[in-house]
């Protein structure tokens, strides 16, 4: 269970980012949880308060009963595999104990605030698609060696509906060595597949943690307004959207995940995601960019990742600042190895960029006083080595172009060709300072930069 550390102010936030600590208060949940029936309209109202009302009519259409009900966990911690045959939910048929040992939910299953639903080793929860079932939690949802999967044909009332897992409000998700399968539909982000959305004035009751878990045929793994979460050692396959999508998150660590997503970005950061570490992840055959950060994302460390076969750019940074891209391998992208647009205080260091259909590094449309540092990168076999269009101020040192032929440079940077041809290993410092911009170093408040 995450510990609470009393580190004050901005120093505490930076230290949490660097060390992966959870600074949120951790509230204990009492034993003695129970299942009660609740009018489905009350559940929809509670969801609307936490994630908005988009797509709710589709949820109502998917319900298989004229007066739909939901099963709600209240009053404390409930272990799903401990339900006895005389439990009212089983006797009513809203939950069905299957011959293979799984439990089929034939109606939405909801965890209320202050409660916890625990799925232990070997527990399988199947969500009936044809009857509009899904799993939502405003409290704690804990999986340890468990499986949650959608099952069945589309409901008569809405053919697009698929079951999903939503943790919202003050809720927290903990999943270890578990599986999520066949979840999510493209109507609203909250229903994308597995979503943790911590909007509201009150913080979550702990830090979300997903480790060594497999997500297969899940639309997206979405975290929004979430702080201090850790995603480590997970495998995401056949995602229908972005494999991992971070919106307005803070102090997140993504470590050692493997992502295969033929329809969207491998990992996407947007809407001001900040103080995020992407470390040692493997992204293969992304339908768009391998890693895409945009719309005000900042203080992002992208280090040690391998991105191969992305249909778009391997790493794309747009309208973001304070980004460190280090020690990554970008191979065979349909676009550029690294693409940078309208972003400030970015360092691109010690990356291997090879056989990309676009440039090894493309820098374009930079603000007038933006500064980019390229050091120690190896560029080989890309269609172009380094390309720029309104590239702003740049500092180049130690970049290896020895295997980057025939096109070393393109765009605004072609005038550097003579300098590079005489120094393909980049031993001499090259400074590009257009419009009289002075190279003055990066912002001192970037926690992803060396020396912070």
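For the chain, the longest principal axis of the Cα atoms and the long axis of helix 9-19 meet at an angle of about 90 degrees. Sequence-distant contacts, meaning Cα pairs under 8 Å at least 6 residues apart, place the relative contact order of the chain at 8 percent.
Once the gyration tensor of the Cα atoms in the range 241-436 is diagonalised, the equivalent ellipsoid follows with semi-axes of 26, 18, 13 Å, ordered largest first.
Using the alpha carbons alone, the radius of gyration of the range 281-381 stands to its Kirkwood radius in an Rg to Rh ratio of 0.93. Mean residue ellipticity at 222 nm, helices only, the chain: -2500 deg cm²/dmol; runs of at least 4 DSSP H residues each add -39,500 (n - 2.57), and the sum is divided by the number of residues.
Counted residue by residue at 0.36 nm each, then reduced by the alpha carbon distance between them, the extension gain from residue 42 to residue 86 reaches 13.2 nm.
Take the Kirkwood radius over Cα pairs of the range 41-150, plug it into Stokes-Einstein at 4 °C and 1.567 mPa s, and you get 90 µm²/s for translational diffusion. Judged by the mean number of other Cβ atoms found within 10 Å, the most tightly packed of the peptides 333-341, 274-282, 418-426, 155-163 leads the ranking 333-341, 274-282, 155-163, 418-426. Distance from the alpha carbon centroid of the range 206-248 to that of the range 45-110 works out to 23 angstrom.
Given N residues in the range 126-206, what is its alpha carbon radius of gyration divided by 2.2 N^0.38 Å? Could you put the intermediate results ahead of the total?
Details: Rg = 13.1 Å, N = 81, 2.2 N^0.38 = 11.7 Å.
After normalising by residue count via 2.2 N^0.38 Å, the value is 1.12.
Could you sort the peptides 377-386, 45-54 by per-residue average Cβ neighbour count (10 Å cutoff), highest mean leading?
Values: 377-386: 22.4, 45-54: 16.6.
Result, highest mean first: 377-386, 45-54.
Legend: Rg and Dmax of the chain, from Cα coordinates, 24.2, 82 Å. Relative contact order, whole percent, for the range 187-264 stands at 29, derived from Cα pairs under 8 Å and 6 or more residues apart. Axis angle, to the nearest 10 degrees, between helix 40-51 and the longest C-alpha principal axis of the chain: 20 degrees. Beta bridges assigned by DSSP with both partners in the chain are antiparallel in approximately 10 percent of cases.
Take every pair of alpha-carbon atoms less than 8 Å apart whose residues are at least six positions apart; their mean separation over the length of the range 32-217 yields a relative contact order of 19 percent.
Note that the range 32-217 shows a convex hull volume over its alpha carbon atoms of 103 Å³ per residue.
The per residue volume of the convex hull around the alpha-carbon atoms of the range 306-350 is 55 Å³. Between residue 199 and residue 99, the FRET efficiency from the beta-carbon distance, with R0 = 51 Å, is close to 0.80.
Laboratory data are not the source of any read-out in this text; all were calculated from the coordinates shown. As the structure is a prediction and not an experimental result, all values here were calculated from the model. Positions of Cβ are backbone-derived with ideal geometry, glycine not excepted, and every protein chain shown enters the neighbour counts.
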